[in-house]
Amino acid sequence: MSFWQKIKSGLMTFMAGRHGSDNLGMFTLFTGLALSLLGSIFGIGLLSLLGFALYIITIFRMFSRNNEARIKENQKYIQLTSQWKTRWTQFVKRQKNKKDYKYFRCPKCKLLLRLKRGSGEKDITCVRCGHQFHKKA
Ligand SMILES: [Zn+2]
């Protein structure tokens with residue numbers, strides 16, 4: 001067994017039954033990194049301390065053997081951020097297709113809809129709630 005294989009197998013034995021990294025872990029790690037970097041650039045000790053606290057949380061979660069609790073935390077994190085991720089993805093998509101489509105929301109359920117530009121006035125039926133309204137593209 002080579003040196004690296006020994007390290008790899010040792011690490012695998014050590015990490016067996018431990019939670020490891022997940023979405024929340026990546027978030028706390030990179031936020032901690034950003035905070036400690038900003039803290040040292042601007043000389044703000046509190047930010048560095050906060051970043052360090054996030055490292056501790058990241059390490060604690062990665063090496064934790066209480067998988068159930070860590071999975072619950074991660075699910076809560078995903079649930080909280082998925083709404084913002086969807087909004088961001090929609091925003092980027094809208095900016096990209098701005099020239100070809102006109103975007104608007106259903107007046108009743110606020111679902112984001114689009115019409116091809118230059119297609120004139122149309123009667124629209126919302127795909128989610130069935131509300132009918134008139135729109136010009
Ligand atoms: Zn609707």
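A short reminder: the numbers here are calculations on the coordinates, not readings from a lab. Please read these numbers as outputs of a predicted model, since none were measured by experiment. In this analysis, Cβ positions are derived from the backbone assuming ideal geometry, glycine residues included, and neighbour counts consider all displayed protein chains.
As a rough footprinting exposure proxy, the listed residues Ser40, Ser48, Ser2 were ranked by other beta carbons within 10 Å of their own, and the order from fewest upward is Ser2, Ser40, Ser48. Approximating the spin labels as points 7 Å out from Cα along Cα→Cβ, the Arg117-to-Ile78 distance works out to 3.8 nm. Taking a straight line from the alpha carbon of Lys108, these aspartates and glutamates sit under 16 Å away, with near neighbours fewer than eight places off in the same chain left out: Asp123.
Can you list the DSSP H helices in the chain whose Cα atoms extend at least 20 Å along the helix axis and whose mean Kyte-Doolittle hydropathy is -0.5 or higher?
Values: long enough: 23-42 (28 Å, 1.58); 45-63 (27 Å, 1.92); 67-96 (41 Å, -1.63).
The qualifying helices are 23-42, 45-63.
Across the stretch 10-33, the residues whose backbone nitrogen lies under 17 Å from the label position 7 Å along the beta-carbon direction of Arg65 are 11-20.
Only counting other Cβ atoms within 10 Å, I'd like His134, His19 sorted with the fewest neighbours first. Each step should come with its number before you reach the end.
Details: His134 8, His19 21.
Fewest-to-most Cβ neighbours within 10 Å comes out as His134, His19.
Note on the stretch 22-42 and the stretch 84-108: Cα centroid distance 30 Å, given to the nearest whole angstrom. This ranking places Ile7, Ile124 by how few other beta-carbon atoms lie within 10 Å of each, fewest first, which gives Ile7, Ile124.
Distance between the pseudo-spin-label points of Met15 and Thr31 (7 Å out from Cα toward the beta carbon): 2.3 nm.
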